[in-house]
Amino acid sequence: MSGQDFSYSPAHLQALAQQVLDEAKRCGATACETDVSEGFGQSVTVRRQQVETIEYNRDKGIGVTVYLGQRRGHASTSDFSDDAVRSTVGAALSIARFTAEDDCAGLPDAALLAHDIRDPGLYFPWDLPVEEAIAIASRCEQAALDVSAMITNTEGASVSVHQSQFVSANSLGFMGGYPTSRHYISCSAIAGDGDDMQRDDWYSGLRDPLELARPESIGDYAARRTLARLGARKLKTRKVPVLLEAPLAAGLIGSFVHAASGGALYRKSSFLLGSLGKQIFPDFVRISERAYLPKGLASSPFDDDGVVTRDREVVEGGVLQGYFLSTYSARKLGMTTTGNAGGSHNLLVEPGRHDFASLLKEMDTGLLVTEVLGHGINYVNGDYSRGAAGYWVENGEIAYPVHEITIAGNLKDMFRGIVAIGNDVLIRGSKQCGSILIDRMTVAGQ
């Protein structure tokens, strides 16, 4: 990727966006919004110290949404030519003409749109020659292989670079955009001891390549996690405390976001329907949304509707203070958008006083979960059931690995049953959360 850069200037993307708006108006649309974007990336995978894959991508696109009153049509193209712009706007209008009216459709209120938009500082390009990417991946994998002779194989180590830029605009005068980046280093190791085979992985993914974990430490940790799973046993069915490792705890917060999002709420497919202002977590739980977090993986000065974003407390004292609403879902619910079209921004779960070791001590005897499988969550009633693997804990110490089990409960009970939140926060995505200890879940095994 050495020497590569964007194909278009920000001014060019802005001109294309304005061209779409002008064409839509000329063709009779009462309102229009558009997104113009481009991105490029490189991914290298090394397996058994041989290059397995080298992938490059370079993409661009224009998305057009038009309104005829309250009838909506959408079309897209990857062609930036004048003819393509005209035909795409025409296609969107044709769809709108045959679409039923929706009294919630339309652009946001003009007063809610973002103005005076500054670059949020989310772009950290990585000028990484493919030879250097191969060398980094090789070092990462070799570190895993060097841990033990029982690391018999790997699923490879990968280095991925991605950079993109976009412009969003609508016919109310909003126009904004900026470049972003996101880079990864990952490794997956396989361990064998007789007939016992186990695998595990680890990765680091951030906007700034200078802040990525060292490749050797990623490979080493992936291997040690894999070795720790050898000799895994099954458990008999029981009800015990469950400790979700930090990456899985972030997934639990993701389930909360899904249930508190406008789409699930207005469809009445959420167990949190009508929960605004009510206690859904213990009183020590605080979840903050920070849309302007420096280098945040979900930072943005405006949402997908162009609505300005704001920092807020989503959960305070365990009480749900706000939903996650787009313009459309807010109208369906008779509420005001929260600037969450496209999803939540950076969610920070306030850490507690416990580090990981003291969380194990707090649990005393129970299950540490490090992997979940499947998608067994019913958001209508909150029922939760997923395959899992991890470690059995006795007297606050890890006793042995376990696998082929299922953890089950109800999200309402799981949220209210949080005993402690760790300070072992791991930044991997839009949810920043330490490990979470839940008072009791059903562990189904033999």
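The table for this structure:
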quantity	calculated
Segment 137-165 - residue that is assigned to a strand (DSSP E or B) and of a type in the set (A, V, I, L, M, F, W, C) and, of those, farthest from SER43 (Cα to Cα)	ILE151
Yes/no for ARG26 being open to solvent by 20 Å² or more (accessible area, probe 1.4 Å), over 23 Å from ASP127 (Cα atoms) and out of contact with any Asp or Glu (no Cβ under 7 Å at 6 or more places or on another chain)	yes
Qualifying positions in segment 122-136 - part of a loop (DSSP other than H, G, I, E, B), within 23 Å of ILE218 (Cβ to Cβ) and open to solvent by 30 Å² or more (accessible area, probe 1.4 Å)	PHE124, PRO125, TRP126, ASP127, PRO129
Residue identified as open to solvent by less than 50 Å² (accessible area, probe 1.4 Å), modelled with pLDDT of 95 or more and of a type outside the set (Gly, Ala, Ser) among TYR184, TYR178	TYR178
Residue pairs meeting the criteria (Cβ under 8 Å; at least 6 apart or on separate chains; first closer than 15 Å to SER138 by Cβ, in segment 216-238; second open to solvent by less than 50 Å² (accessible area, probe 1.4 Å) and of a type in the set (Asp, Glu))	GLY219/GLU141; ALA222/ASP200
Residues of segment 308-321 satisfying the condition of being open to solvent by 20 Å² or more (accessible area, probe 1.4 Å), β-branched (Val, Ile, Thr) and touching a Lys or Arg at 6+ places or on another chain (Cβ under 8 Å)	VAL319
Scan of segment 322-347 for residues that are open to solvent by 50 Å² or more (accessible area, probe 1.4 Å) and of a type in the set (A, V, I, L, M), ordered by number	LEU333, MET335
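Yes or no, residue by residue, for (1) open to solvent by 20 Å² or more (accessible area, probe 1.4 Å); (2) closer than 15 Å to LEU252 by Cα:
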{"site": "MET363", "(1), (2)": "no, no"}
{"site": "GLY366", "(1), (2)": "no, no"}
{"site": "VAL369", "(1), (2)": "no, yes"}
{"site": "GLY374", "(1), (2)": "yes, yes"}
{"site": "TYR384", "(1), (2)": "no, yes"}
{"site": "ALA388", "(1), (2)": "no, yes"}
{"site": "GLU397", "(1), (2)": "yes, no"}
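The values are calculated or read from the model by the stated rules, or taken from the named source; none is laboratory data. Keep in mind that this is a model prediction, so the values were computed, not measured. Cβ: placed from backbone, ideal geometry, glycine included. Neighbour counts: every protein chain shown. The accessibility values were calculated without ligands, DNA or RNA, using every heavy atom of the protein model including side chains. Shrake-Rupley method; radii C 1.70, N 1.55, O 1.52, S 1.80 Å.
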